[in-house]
1. From (1) touching a Ser or Thr at 6+ places or on another chain (Cβ under 6 Å); (2) buried (at least 24 other Cβ atoms within 10 Å of the Cβ), pick out the condition that doesn't hold for Glu453.
2. Do we have Val407 as modelled with pLDDT of 95 or more, touching a Lys or Arg at 6+ places or on another chain (Cβ under 9 Å) and not aromatic (Phe, Trp, Tyr) here?
3. In this structure, does Ala234 turn out to be out of contact with any Cys (no Cβ under 9 Å at 6 or more places or on another chain), within 16 Å of Ser454 (Cβ to Cβ) and of a type in the set (A, V, I, L, M)?
4. Looking at region 39-53 only, could you name the residues that are among the β-branched types (Val, Ile, Thr) and touching an Asp or Glu at 6+ places or on another chain (Cβ under 6 Å)?
5. Checking the condition at pLDDT below 95 and not aliphatic (A, V, I, L, M), which residue from Pro126, Pro151 passes?
6. What number goes with the only condition from (1) small (Gly, Ala, Ser); (2) surrounded by fewer than 20 Cβ atoms within 10 Å (Cβ to Cβ); (3) touching an Asp or Glu at 6+ places or on another chain (Cβ under 9 Å) that Gly250 does not pass?
7. Could you list, ordered by first residue, the pairs with Cβ atoms under 7 Å in which the first is in region 344-366 and surrounded by 14 or more Cβ atoms within 10 Å (Cβ to Cβ) and the second is among the aromatic types (Phe, Trp, Tyr), at least 6 apart or interchain?
8. What single numbered condition from (1) small (Gly, Ala, Ser); (2) in contact (Cβ under 8 Å) with a residue 24 or more places away in the chain; (3) surrounded by fewer than 24 Cβ atoms within 10 Å (Cβ to Cβ) fails to hold for Gly92?
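The values are calculated or read from the model by the stated rules, or taken from the named source; none is laboratory data. This one's a predicted model, so the numbers in the text were calculated from it and none came from an experiment. A quick note on method: Cβ atoms are made from the backbone with ideal geometry, for glycine too, and the neighbour counts reach across all protein chains shown.
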Amino acid sequence: MSERMLIGGDWLEGTGPALASINPADGSLNAEFSTATETEVDDAVAAAKESYYSGEWRALKPHQRADYLYAFCQTLLDRKEDIARLQMRENGKTITECRGQVDQAAGIVRYFAAVCETMEAEVTPPRGDYVSMVSYEPYGVVSLITPWNSPITLNAQKLAPALAAGNSVVLKPSEVTPGVGLAMGRICQDIGIPSGVVNVVSGTGADVGDRLVRHPDVRMVSFTGGTQSGRAIARAAGERLVPAALELGGKSPNLVFADCDLDKAAVGVASGIFGSHGQSCIAGSRLFVEASIRGEFIDKLAALAAAWRIGHPEDENAQMGPMASFQHRDRIAGYVTSAVDEGGEIISGGGAPDGPGFERGAYYLPTIVGGLHHGARACQEEIFGPVLCALPFTDEDDMVAQANDTVYGLACGIWTSDFAKAWRVCQRIEAGSVWINAYKQISISTPFGGMKESGIGREKGIDGVKLYTEPKAIYLAT
């Protein structure tokens with residue numbers, strides 16, 4: 001029997017085709033999942049709408065909703081191993097990273113519980129005989145569409161603030177990792193969140209996701225994923241005049257100056273692209289290294305790449321498991337082939353690892369490519385894998401121009417011992433997050449999002465709850 005979906009408090013079989021979840025470590029079948037058609041999507045939205053207007057959830061005092069979120073946090077931790085292993089089997093992340101992501105997800109939910117019960121409305125300066133104020137009210141039915149790379153944290157990052165704001169939601173997890181979203185739906189049910197407030201439907205973006213975006217009763221859409229899909233969602237939301245929060249792709253640069261701590265920078269650059277299998281929107285996939293240290297720095301990076309521990313995701317010592325799917329592994333390999341065709345040189349990696357067990361899984365080595373011009377496809381398009389394009393520079397102005405010469409603007413790393421230089425370059429870089437002498441440091445308390453085609457809106461931080469609300473101006477005559 002296929003895994004069922006959560007609609008209106010019931011676990012129901014969908015009428016869409018069964019969805020097979022494949023373990024990328026060995027090609028085995030994890031499970032089959034029931035999927036939705038338009039009928040089940042409409043039922044889920046109707047359940048969310050009914051629960052919203054019944055007021056059972058949104059009418060709770062903020063501290064009462066926060067109590068549920070604290071329970072959500074604790075239940076995540078109580079089920080840590082099961083949820084970590086579920087993600088590991090679905091997308092190939094190492095068990096160590098998956099466990100860490102459960103801890104992060106619990107922290108995300110706990111943070112938004114605290115915001116929920118402490119967030120204040122505003123009294124504005126009056127310009128007449130009245131008291132003027134702003135209250136922040138939920139949209140109603142919100143669609144949450146999440147990707148496959150880090151579903152534990154990303155599902156939590158949308159569910160928690162949307163619920164804190166008082167909305168009812170329909171969550172559509174990626175078809176690659178449906179199990180994690182359903183597990184979170186079960187937690188919401190088990191801790192007593194009223195039926196219909198949280199609904200989880202499985203299926204493809206083209207079918208289920210598209211219907212959720214276009215449904216007339218969906219009042220807001222929150223999406224994390226690829227820029228092409230984000231653009232389509234923005235068009236559909238624009239036609240309906242509903243807001244869409246879009247956290248999209250990246251082609252983020254790491255800028256390494258000759259005066260930096262080379263060893264520290266090498267570790268930071270390597271973890272920025274090879275950590276999380278390179279399957280991260282903020283992966284530092286372009287390296288600009290000052291020409292005077294290029295050889296020395298690339299040697300350090302190549303040594304780190306060669307020593308990166310590739311293994312089965314159940315291996316406690318593995319730093320990298322397989323890519324999330326065989327199809328995605330082949331996509332990454334295709335980009336590396338195109339880089340070579342455009343004059344690139346493989347400095348490290350460039351293929352699947354050798355050894356017993358690797359041939360059955362979707363594995364790919366940490367890869368460094370040099371010798372490319374910045375207009376090459378591998379330098380411009382998001383590969384979403386452990387592939388680093390290394391480019392030298394001699395002039396700061398030219399380097400900044402190249403770093404900004406992309407449709408993306410999500411993140412950037414700057415490595416230098418000169419604070420004035422770091423600050424100057426930081427101000428010129430078009431990116432939503434900039435790290436100086438660090439990379440991929442993420443905090444739920446700090447707004448996150450991108451510039452240009454990397455997205456619209458900001459998640460996280462205190463305003464992460466306001467993202468899921470509409471401000472209402474209130475005037476009280478005196």
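1. (2)
2. Working: modelled with pLDDT of 95 or more: yes; touching a Lys or Arg at 6+ places or on another chain (Cβ under 9 Å): yes; not aromatic (Phe, Trp, Tyr): yes.
For Val407, the condition - modelled with pLDDT of 95 or more, touching a Lys or Arg at 6+ places or on another chain (Cβ under 9 Å) and not aromatic (Phe, Trp, Tyr) - is met.
3. Details: out of contact with any Cys (no Cβ under 9 Å at 6 or more places or on another chain): yes; within 16 Å of Ser454 (Cβ to Cβ): yes; of a type in the set (A, V, I, L, M): yes.
Considered against the rule, which asks whether it is out of contact with any Cys (no Cβ under 9 Å at 6 or more places or on another chain), within 16 Å of Ser454 (Cβ to Cβ) and of a type in the set (A, V, I, L, M), Ala234 comes out as yes.
4. So the first thing to find is which residues in region 39-53 are among the β-branched types (Val, Ile, Thr), and the list is 39, 41, 45.
Result: Val45, single match.
5. Details: Pro151 fails: at pLDDT below 95.
So the residue among Pro126, Pro151 that is at pLDDT below 95 and not aliphatic (A, V, I, L, M) is Pro126.
6. (2)
7. Ala352/Phe358; Ala352/Tyr363; Ala352/Tyr364; Pro353/Tyr363; Ala362/Phe326; Pro366/Phe274; Pro366/Trp308
8. (3)
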